[in-house]
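Quick notes on the structure that follows.
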Amino acid sequence: MWWDERVSARFRRNLQPTLTYWSVFFSFGLCIAFLGPTLLDLRCQTQSSLSQITWVFFSQQFCLLLGSCLGGVFKRTLAQSLCALFASSLAISLVFAIIPLCHNVVVLAVVMAVAGLAMGCIDTISNMQLVKIYQKDSAIFLQALHFFVGFGALLSPLIADPFLSDTNCILSNGTANTSSNLPHIRKSLVPHHPGNLSHYDLPMKGMVVTRVSYAFWIMALINLPVPIAVFFLLYKERMVPCFNSSSHPLLSADELAMEARPTEKDDLSTSVHRPHAAGGHDDLFSCCQSKNFRGASYTYFAVHITGALVLFMTDGIVGEYSGFIYSYAVEEPLSVVHKVAGYLPSLFWGFITLGRLISIPVSYRMKPATMVFINVVGVLITFLLLLIFSSSVVFLFVGTASLGLFLSSTFPSMLAYTEDILQYKGCATTVLVTGAGIGEMVLQLLVGSIIHDQGSYSFLVCGMIFGGLAFTFYAFLLFFHRMYPKPSSDTDAVSPDKPAVMDDTGQYQR
């Protein structure tokens, strides 16, 4: 195996929780990418204007950000975390089942806001729990976690595609004049941003003929095993109230041998590592309490801020690129055929998923800091080449694939890197998840308004600027890493490579 026996043993001891957190992130990905291709059918279902239906995007993104901020509230015990994940994954299945029943755009926006809250909780809690379990070995498992987001994001549009309307899904006297616009409009509705489509005059009244309901019910069924998996983990940990027992599961002989160590080391490990579990990974509001700042150096804050700013830029690039690449491709000078340009967002997400899959073994051999450096430099160079060869359709496809690869592992690598710098004592997970969410929401709105005023070429210019800022903030992060106080000799004496401690081996703290 391409990892050593120590990491393999840790993975075996935490197999069920790890697989459960990965599956929950699949729910996240399944829910994040379905709105774009189905938005026109949902517009027909709610009989609303395009300007009204686009608010559904905002409600989901805003509540995803809010859920990311609030997700840390449920981290205090394992029971709270698992109950929140169970409720969130079940809520996503219920959202998929309820969407076909939403015939009012306001009701649909409220339902998608609930989905956004669930997705935000999943995002924060799953990242936190994996970091808690694996700590310095968490990079490889975080890469796998984010692979499942891409996998879900690829799957949901494929499920929806057979049920999308080929002609206008509201039949009226004006259908013949408007149906020809539909393929062009649909291709513009990519997973993150619907673009400026208000100038398309589609009929508002008539008989709804969409079959998209079947797609949502299929996705609800596909997602249903996820809350079931979380429930089984709750049951295994004796946290289901009706099945609660005073006795806890016994360790196997192999696990007992791994855990057994001399008493002196246990005492030392407890004194060193238990404050880590107690002090870190707070929710955003707890992180902002003044008691957490006492005695902290300026580099402590600088690491949090610069790490969040890097992800603000890189996750913002993911949102704005997937949202506007189609619009850029169909405009002059490229003037790509609509059907061909429609493959660009899928190509982008496909290579993000492929990159996350490749990053799983790579992250075991390469330090997270090195991976982030390669990512931000690769993003900057790709945008530079896209600007130089802005008239080449072939390079647009090559650059889109390259950008997806470089952006794919940025978030999990940055998360592992900053948590490692802070020795798992800070609020890196919460701050970074929040920064990434804000960037994805804000940069989409910013780039959309700039493109509207300055033209499609500004799309690449904005990407180049954001990539340059990401590289600059990462350079500052490297500087503050050098300035950050090194761990004490006592901490060094108890290496996290030795699985002697309950916290360090990833055993749960109730």
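At Arg6 and Ile305, where each label point lies 7 Å from the Cα along Cα→Cβ, what is the point-to-point distance in nanometres?
Calculated label separation equals 3.6 nm.
Top to bottom by accessible area (1.4 Å), largest first, where do Lys136, Lys486 land?
Lys486, Lys136
Once both labels are modelled 7 Å past Cα along the beta-carbon direction, what's the Ile450-Phe476 spacing in nm?
Here the modelled spin labels are 1.8 nm apart.
I want to check the label-to-label distance for Lys367 and Ser392. Put each point 7 Å from Cα in the C-beta direction and report it in nm to one decimal.
3.4 nm
For the stretch 16-26, what does the Karplus curve 6.51 cos²θ - 1.76 cosθ + 1.60, with θ = phi - 60°, yield as ³J(HN,Hα) per residue in whole Hz, taken in order and with x for Gly and Pro?
3J(HN,Hα) across the stretch 16-26, in whole Hz: 5, x, 5, 4, 5, 5, 5, 5, 5, 5, 4.
At a 1.4 Å probe radius, which order do Ile374, Ile305 fall into by accessible area, largest first?
In descending accessible area the options line up as Ile305, Ile374.
Rounded, prolate or oblate: which fits the stretch 24-120, taking a ≥ b ≥ c as square roots of the Cα gyration tensor eigenvalues, rounded meaning a/c under 1.5, else prolate when a/b beats b/c?
prolate
Would you please give the FRET efficiency between Leu101 and Val377, computed as 1/(1 + (r/R0)^6) with r the Cβ-Cβ distance and R0 = 51 Å, to the nearest 0.05?
In this case the efficiency is close to 0.60.
The values are calculated or read from the model by the stated rules, or taken from the named source; none is laboratory data. Given the structure is predicted, the values throughout are model-derived calculations rather than measurements. Reconstructed Cβ throughout: ideal geometry from the backbone, glycine too, with neighbour counts over all protein chains shown. Just so you know, the surface numbers come from the protein's heavy atoms only, side chains and all, with ligands and any DNA or RNA stripped out. Shrake-Rupley method; radii C 1.70, N 1.55, O 1.52, S 1.80 Å.
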